[in-house]
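Remarks on the structure that follows.
No lab work stands behind these numbers, since they all come straight from the coordinates. Since this is a predicted model, take the numbers as computed values, not measurements. Please note: Cβ atoms are built from the backbone with ideal geometry, for glycine as well, and neighbour counts cover all protein chains shown.
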């Protein structure tokens with residue numbers, strides 16, 4: 001894309017000034033439309049060192065109310081950030097609905113640096129490209145506008161700019177060893193950039209190559225494309241997005257009505273013995289996964305009053321409290337609701353060697369949000385594939401992903417609801433919403449069955465915990481966690 005880039009003629013000085021004024025006014029006028037449409041806008045600036053990305057960002061943001069934008073510079077990952085998935089530090093910064101975030105470099109640098117220093121194999125490069133393309137598509141499917149600009153200058157121009165910066169003691173600090181290395185090996189970097197741009201140029205998030213030899217001309221090009229992108233996004237904002245076919249291998253899971261519950265029981269003696277044994281084993285495994293830096297994500301879904309809390313407690317009782325966190329997931333906060341629905345889960349992931357336990361999960365999208373009308377049908381229909389992609393990212397990162405559906409029958413739920421309502425110290429556990437949800441049992445069962453069938457992948461299968469007898473379910477959960485951690489430890 002840059003090796004065959006052809007420059008267009010720069011407008012005359014007066015025409016350039018006039019066009020800049022028009023495009024700046026357009027961007028200024030778009031703010032209200034963006035806010036009203038709740039359109040989140042990501043503007044990504046990449047390019048050669050000293051190509052002028054920062055100065056153009058500075059000019060562009062002058063046309064926007066500072067309450068509605070952020071500027072983020074992506075530096076090299078810290079030691080702490082390297083303990084999370086590749087996408088983690090980037091997705092944390094995505095904008096809220098109705099606002100802009102301008103990125104002075106984003107995820108391209110990590111990939112290019114990995115190519116150039118050979119720390120990324122060809123397979124790892126292909127995996128990174130797949131992750132980026134999948135994520136950008138998911139963002140645009142969920143209403144984001146993603147604008148990507150590459151600032152192009154030739155080797156001679158870059159060298160001239162670097163030398164000018166070095167000659168001034170006030171700007172010398174801006175030139176890094178990496179910039180000088182890039183210029184010295186310009187042709188190698190050019191090939192790497194060109195490959196990356198071609199591999200990540202998609203219709204939903206295309207690349208725009210900017211002739212950056214003249215800063216005002218670069219600004220005009222950016223404004224033109226940005227205004228066009230905003231206009232198109234606002235026109236498409238209310239349109240349904242195509243629902244993708246599942247491409248992931250699935251693991252069989254029974255329908256809820258076919259799960260036997262009555263014979264799944266343990267005596268107190270059996271329970272106490274197995275509980276002690278499994279918790280002791282899990283405690284040892286926790287030390288091993290920490291040593292081997294294996295991240296673990298345990299996700300709980302199930303019927304109200306099915307016993308998720310007690311189940312989680314029996315697992316955490318065996319763990320070092322410094323190495324796990326339980327996330328009780330309720331309705332999203334306003335700042336969470338204003339972003340991609342998976343954002344609040346990306347930001348709660350554990351670092352390697354640690355355990356995150358989710359009491360309710362991202363699957364709320366295809367259950368409560370679906371049935372209560374908190375999202376559109378197109379939103380929840382797309383979500384099955386988006387959640388599979390999310391879990392594939394986690395599995396490819398090396399995480400152990402364990403998903404539990406805690407199953408009880410209708411009569412058992414009614415019995416537990418009644419007990420909670422009639423027992424003063426348990427009344428905090430029962431709400432009017434719980435009773436309302438009970439009235440939709442059949443609808444929820446249909447939604448859960450569809451969820452289980454479409455998202456029980458081979459890399460993140462669903463495990464059913466038969467919980468009419470809570471003790472049986474606790475032991476089964478502990479057994480599965482121990483078995484899965486053992487498998488992961490053997491592979492490392």
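Figures for the structure shown
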| item | result |
| --- | --- |
| From the C-alpha gyration tensor of the range 256-491, square roots of 5λ in Å | 26, 25, 16 |
| FRET E, pair residue 376, residue 154, Förster distance 60 Å, beta-carbon r, rounded to 0.05 | 0.80 |
| The chain - mean residue ellipticity at 222 nm from DSSP helices (-39,500 (n - 2.57) per run, n ≥ 4, rounded to 500) | -16000 deg cm²/dmol |
| Cα centroid separation, the range 211-276 to the range 303-319 (Å) | 26 |
| Shape of the range 23-80, Cα gyration tensor, a/c cut at 1.5 | oblate |
| Cα centroid separation - the range 396-436 against the range 448-492, whole Å | 18 |
| Distance between modelled label sites at residue 434 and residue 224, nm, 7 Å Cα→Cβ extension | 6.3 |
| 0 to 90° range, to nearest 10: angle between helix 470-491 axis and the chain longest Cα axis | 40 |
| Cα shape, the chain, gyration tensor, a/c 1.5 rule | prolate |
| Shape call, the range 1-122: gyration tensor on alpha carbons, a/c limit 1.5 | oblate |
| Computed E for residue 284/residue 480 - FRET, C-beta separation, R0 25 angstrom, nearest 0.05 | 0.90 |
| Taking N as its residue count, the alpha carbon Rg of the range 361-492 over 2.2 N^0.38 Å | 1.22 |
| On Cα atoms only, tilt of 122-141 relative to the major axis of the chain in degrees | 80 |
| Crossing angle, helix 186-199 versus the chain [Cα axis fit, 0-90 degrees, rounded to tens] | 50 |
| Base-10 log of normalised Debye intensity for the range 263-358 (one unit scatterer per alpha-carbon) at q = 0.10, 0.12, 0.16 Å⁻¹ | -0.36, -0.50, -0.81 |
| Gain in span if fully extended, residue 335 to residue 4, counting 0.36 nm per residue against the direct Cα distance | 114.9 nm |
| Alpha-carbon centroid distance for the pair the range 2-73 / the range 84-135, whole angstrom | 22 |
